């Protein structure tokens, strides 16, 4: 639970930003992350609006990871649009999986103080590829073990770990490399219009 002092500081920080455009601090983000916002390069940035197609892909992948985590007894939890702290930013991966061990370690926190072990980002046509791959590296530098980058327009999914970069296309089967061992799914089962 956020103390009254911290809540006051967060509200005061928001008011200062609204009135004087002062930057919202990472500490304030960690205590009370605004919905649909990330803390990037010293300021709050709104995440791009999610299209119906992106929302369906997020649901498809989140459901697949959750179902596998339950059926394999891996434990842990799957989230969508949930805040975490990287080494230098406050992020909200589109889909994130946290292991049972990390759940025990951190308990109930407002923002996970590291990257989730497994994250996925659904790339929109307005996202610059260079920025998306830099974001994947940011996750990996902050405790993440595996990042999935889903490019719906091109029908590709990239899986990136510290030691490998894999590329999957529609018509192929994709599998986790490190986190949730043994999970696999047809790329078509995740992408919209490929069912």
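The values are calculated or read from the model by the stated rules, or taken from the named source; none is laboratory data. Because the structure is predicted, anything quoted here is derived from the model rather than measured. Using ideal geometry, Cβ is built from the backbone for each residue, glycine included, and neighbour counts are taken over all protein chains shown.
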Hey, residue 117 exposed (fewer than 15 other Cβ atoms within 10 Å of the Cβ), touching a helix residue (DSSP H, G or I) at 6+ places or on another chain (Cβ under 9 Å) and in contact (Cβ under 8 Å) with a residue 60 or more places away in the chain or not: no
Options 77, 88: the member that is at pLDDT 95 or above, touching a helix residue (DSSP H, G or I) at 6+ places or on another chain (Cβ under 8 Å) and assigned by TED's automatic domain parsing to the domain that holds residue 157: 77
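Consider residue 26 carefully, then state whether it is more than 18 Å from residue 132 (Cα to Cα) and in the same structural domain as residue 138 (by TED's automatic domain parsing). It would help to see each step written out before you state the result.
Details: more than 18 Å from residue 132 (Cα to Cα): yes; in the same structural domain as residue 138 (by TED's automatic domain parsing): no.
Spelling it out, it is not the case that residue 26 is more than 18 Å from residue 132 (Cα to Cα) and in the same structural domain as residue 138 (by TED's automatic domain parsing).
Before we move on, is residue 103 surrounded by 14 or more Cβ atoms within 10 Å (Cβ to Cβ) and not in a strand (DSSP E or B)? Walk me through how you get there before you give the answer.
Details: surrounded by 14 or more Cβ atoms within 10 Å (Cβ to Cβ): yes; not in a strand (DSSP E or B): yes.
Answer is yes for this residue.
I'd like to know if segment 119-128 contains one or more residues that are under 20 Å from residue 181 (Cβ atoms) and modelled with pLDDT of 95 or more. I'd like the intermediate steps shown before the answer.
Within segment 119-128, the first condition is being under 20 Å from residue 181 (Cβ atoms), and the residues that meet it are 119-120.
Filter once more, so that each one left must be modelled with pLDDT of 95 or more: 119-120.
For segment 119-128, residues under 20 Å from residue 181 (Cβ atoms) and modelled with pLDDT of 95 or more: present.
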